[in-house]
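The values are calculated or read from the model by the stated rules, or taken from the named source; none is laboratory data. Since the structure is predicted, the reported quantities are computational estimates derived from the model, not experimental observations. Note that we place each Cβ from the backbone using ideal geometry, even for glycine, and neighbour counts take in every protein chain shown.
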């Protein structure tokens, strides 16, 4: 008998029963224009208004994406009774103040979608989570790699038991990100901007580790001062499983005249089977679908190679909003809640500490401080 296989919908998000909850957007950068708004439109989520640092930029994005209203300020947008959920999509240093402003407004919204990182330090992130809980506002964190189609498909295979008990999971990233201007001068570069995706994915697949080992060095291409450029880390689990990533944002002198070999690959080995995958994000702005191939002992050498048309950028962004809207609809916990995300931030802190201090970090040293 063959092992349980992926179904045709297992890579897709679960949507709320109703899709008429009004959404307001704070921020009008390229990620809003080309990912959030594109995916929301395709999912049928109504974006009713947008505001940004400058009205001109917000108006431009509104025209391009068919948003009916442009607001001069966050406060003006919050006055609009039809907006029940706010998508805060601003640089990380600005996000906590916007979330506090939303919570302080006399008219209480039902949910907030924040970007990752929720904050660049655990104490502030903890305070934001507590404030949302006191206010009765659902807080979802946009850790959208959990909704990459291959990442989600692997989680389904793990849940089905197709691959058996986890033994080793790896992610190898050889890609060159575009560092936004707000990345300069922060306490972390790669860890809280790039590695946070992979660390959260390992938590999604395997749960929380016991110990963290890490090594980091600056990226030769990035001219502004930074410490954590290229990140290498290992996560050790109580079960005996191991996870490791090579987050290589240098990827060789591909922009300096050498040939390029760019991509993201992952691999999962279990006691009963193996899965291999690719992540399509480095092909952006082309819509490049991620992939998964998997086999199990019960398949007697056969590889399954499902394929789909959806891609992480932009389609996964509908998944995180869908998770928030389901929580609002059912009065339940968001699937990537602020409280859960504190442990992803703790894992980022563990990688930073392990790399800087050249020591093994016990995860609970930092996770215990998250609440």
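What the table below lists for this structure:
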{"quantity": "Top-ranked residue of the range 117-132 - restricted to ones that are part of a helix (DSSP H, G or I) and out of contact with any strand residue (DSSP E or B) (no Cβ under 8 Å at 6 or more places or on another chain), ranked as surrounded by the fewest Cβ atoms within 10 Å (Cβ to Cβ)", "calculated": "123"}
{"quantity": "Helices (runs of 4 or more DSSP H) lying entirely in the range 288-371 (those with 2 or more residues that are under 17 Å from residue 114 (Cβ atoms) and touching a helix residue (DSSP H, G or I) at 6+ places or on another chain (Cβ under 9 Å))", "calculated": "317-330, 338-357"}
{"quantity": "Residues of the range 69-86 classified as out of contact with any helix residue (DSSP H, G or I) (no Cβ under 8 Å at 6 or more places or on another chain) and exposed (fewer than 15 other Cβ atoms within 10 Å of the Cβ), total", "calculated": "5"}
{"quantity": "Count of the range 176-198 residues which are crowded, with 19+ Cβ neighbours inside 10 Å and assigned to a loop (DSSP other than H, G, I, E, B)", "calculated": "3"}
{"quantity": "Scan of the range 92-104 for residues that are surrounded by 15 or more Cβ atoms within 10 Å (Cβ to Cβ) and in contact with a helix residue (DSSP H, G or I) (Cβ under 8 Å, 6 or more places away or on another chain), ordered by number", "calculated": "92, 96, 98, 99, 101, 102, 103"}
{"quantity": "The range 133-151, residues that are surrounded by 24 or more Cβ atoms within 10 Å (Cβ to Cβ) and more than 30 Å from residue 302 (Cα to Cα)", "calculated": "138, 139, 140, 141, 142, 143, 144"}
{"quantity": "Qualifying residue in the range 132-151 (condition: more than 21 Å from the chain's Cα centre (by Cα), at pLDDT 95 or above and farther than 27 Å from residue 331 by Cβ)", "calculated": "no"}
{"quantity": "Evaluation of residue 209 against (1) free of Cβ contacts under 8 Å to residues at least 40 places away in the same chain; (2) outside any strand (DSSP E or B) (one fails), failing number", "calculated": "(1)"}
{"quantity": "Hits in the range 259-281 (condition: farther than 23 Å from residue 189 by Cβ and assigned to a loop (DSSP other than H, G, I, E, B))", "calculated": "259, 271, 272, 280"}
{"quantity": "Residue within the range 341-363 that is farther than 27 Å from residue 230 by Cβ, under 22 Å from the mean Cα position of the chain (by Cα), surrounded by fewer than 21 Cβ atoms within 10 Å (Cβ to Cβ) and touching a residue at least 12 places away in the same chain (Cβ under 8 Å) present", "calculated": "no"}
{"quantity": "Any chance residue 154 is in the same structural domain as residue 93 (by TED's automatic domain parsing), at pLDDT 95 or above and crowded, with 24+ Cβ neighbours inside 10 Å", "calculated": "no"}
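Here's the yes/no breakdown for (1) farther than 16 Å from residue 353 by Cα; (2) at pLDDT below 95; (3) within 22 Å of the chain's Cα centre (by Cα):
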residue: 164; (1), (2), (3): yes, no, no
residue: 167; (1), (2), (3): yes, no, no
residue: 170; (1), (2), (3): yes, no, yes
residue: 200; (1), (2), (3): yes, no, yes
residue: 203; (1), (2), (3): yes, no, yes
residue: 206; (1), (2), (3): yes, no, yes
residue: 212; (1), (2), (3): no, no, yes
residue: 234; (1), (2), (3): no, no, yes
